[in-house]
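Below: the structure, in structure tokens.
The values are calculated or read from the model by the stated rules, or taken from the named source; none is laboratory data. As the structure is a computational prediction, the values presented were derived from the model and not from experiment. Methodologically, a virtual Cβ is constructed for each residue, glycine included, from the backbone with ideal geometry; neighbour enumeration extends over all protein chains shown. These area figures cover heavy atoms from the full protein model, side chains too; ligands, DNA and RNA do not enter into them. Shrake-Rupley method; radii C 1.70, N 1.55, O 1.52, S 1.80 Å.
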Amino acid sequence: MIRVQREPFDPGAELNAFMATVPKSGGIASFVGQVRDFKGDDTVHAMTLEHYPGMAEREFAALTEDARGRWALDGLLIIHRYGELRPPEPIVLVAAAAAHRADAFAACEFLMDWLKTKAPFWKKEALDSGEAWVAASADDDARADRWKK
Amino acid sequence: MSLTVLYFAWVKDKIGRGEETLSLPASITTVSGLMDWLATLSPGHAAAFSDRRMIKAAVDQQHVDHGTALNGAREVAFFPPVTGG
């Protein structure tokens, strides 16, 4: 299931609901990304996530299809927020369900690594020093490149 | 050809709007050519497209390289490298 939404979500409740849909899965791996309250020596007061409506959902659909081609998966969940967030609100929840943990772990890591470099979202942080767009990290590119076939 | 062009994040900030509908000269056939032409429209456009290495593009909501042909595209988007997740 894929959801791109402005509203806050409860990762625990979402994970419980997802697990109930995959009773044949022995392993569920999940990842939550949340808004950090600092950047270097500065304080993060809020974060604005801009996104490309339509393309965001399409990219998530393509990523989940790719993951299903690589591993034996019973279910995938991606929830990603946009709009105004405050520390330490969750930004993203990814979960993968499989018969065995290896596939679930790998799919969850793959989805996050590729989401970081492909999903059309942009973060702007409100700091003591002012507002600033977050720069993409070379480390994220390197992590995503590991999954290239 | 009428084309919807979308801008996001600091590209949008520099240009001063997130969307515009433009009539393209027939001579523009690639994403790269489109950027060359957009950069002439205003000082804001010129600033946004001053360093092409910082600009990513999507044609009809698919990531593309700058050399990609427009081929009847309806929607082209320009944005910095993504930072979601």
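What dipole magnitude, in Debye to the nearest 20, does the range A:20-119 give about its Cα centre under +1 on Lys/Arg Cβ and -1 on Asp/Glu Cβ?
Here the range A:20-119 has a charge dipole of around 260 debye.
Can you give me the accessible area per residue for chain A, using a 1.4 Å probe, in Å²?
Working: 7540 Å² over 149 residues.
For chain A, the per-residue accessible area is 51 Å².
Binned at 10 Å from 0, what are the whole-percent values of the Cα-Cα distance distribution for the range B:2-79, short to long?
In order of increasing distance, the bins hold 20, 61, 19 percent.
Run through the range B:1-75 and list the trypsin sites (Lys or Arg not before Pro) located in a DSSP loop whose Cβ has at most 15 other Cβ atoms within 10 Å.
B:Arg17, B:Arg74
Using only helices, what value at 222 nm comes out for chain B when you add -39,500 (n - 2.57) per DSSP H run of length 4 or more and divide by the total residues, to the nearest 500 deg cm²/dmol?
So the helix-based figure for chain B works out to -6000 deg cm²/dmol.
Near B:Leu22, within a Cβ-to-Cβ distance under 15 Å, what is the net charge of the other residues, with Lys and Arg +1 and Asp and Glu -1?
Once all neighbours under 15 Å are counted, the net charge is -2.
Rounding to the nearest 10 and keeping the result within 0 to 90°, find how far the Cα-based axis of helix A:101-118 lies from the longest principal axis of chain A.
For helix A:101-118, the angle is close to 40 degrees.
Could you grab the Rg to Rh ratio for the range A:2-145? Cα atoms only, Kirkwood for Rh.
On the way: Rg = 15.6 Å, Rh = 15.9 Å.
Over the Cα atoms of the range A:2-145, Rg/Rh equals 0.99.
Placing unit charges on C-beta atoms (Lys and Arg positive, Asp and Glu negative, everything else neutral), compute the dipole magnitude of the range B:2-79 about its Cα centre in debye, rounded to 20.
140
Could you give the spread of the C-alpha atoms of the range A:60-149 along their three principal axes, from largest to smallest, in whole angstroms?
47, 25, 20
Relative contact order of chain A, please, whole-number percent, based on alpha carbon pairs below 8 angstrom and at least 6 residues apart.
Across chain A, relative contact order equals 33 percent.
Going through the cross-link list A:Lys118/A:Lys148; A:Lys149/B:Lys56; A:Lys116/B:Lys14; A:Lys124/B:Lys14; A:Lys116/A:Lys149, which pairs have a Cα-Cα distance over 20 Å in this structure?
Working: A:Lys118/A:Lys148 13 Å; A:Lys149/B:Lys56 22 Å; A:Lys116/B:Lys14 24 Å; A:Lys124/B:Lys14 15 Å; A:Lys116/A:Lys149 18 Å.
Over 20 Å Cα-Cα: A:Lys149/B:Lys56; A:Lys116/B:Lys14.
Please list, by residue number, every one of the trypsin sites (Lys or Arg not before Pro) in the range A:1-74 that is coil in DSSP and has at most 12 other beta-carbon atoms within 10 Å.
Of the trypsin sites (Lys or Arg not before Pro), the ones in loops of the range A:1-74 whose Cβ has at most 12 other Cβ atoms within 10 Å are A:Arg6, A:Lys24, A:Arg36.
Evaluate the charge dipole of the protein assembly as shown about its Cα centre and quote only its size in Debye, nearest 20, assuming +1 on the Cβ of each Lys and Arg and -1 on the Cβ of each Asp and Glu.
480
To the nearest hundred square angstrom, how large is the accessible surface buried between B and A, total for both chains, probe 1.4 angstrom?
Separately minus together, B and A give about 1800 Å² buried.
Counting alpha carbon pairs within less than 8 Å and at least 6 residues apart, what relative contact order, in whole percent, applies to chain B?
Relative contact order comes out at 37 percent.
Carbon and sulfur together cover what percent of the accessible area of chain B at a 1.4 Å probe radius?
49
Can you find, among A:Ala96, A:Phe121, A:Pro23, the residue sitting farthest towards the positive end of the charge dipole of chain A, where Lys and Arg contribute +1 and Asp and Glu -1 at Cβ?
Going by the charge dipole, the pick is A:Pro23.
Among A:Ile28, A:Ile78, what's the order by accessible area (1.4 angstrom probe), most exposed first?
Highest to lowest solvent-accessible surface, that is A:Ile28, A:Ile78.
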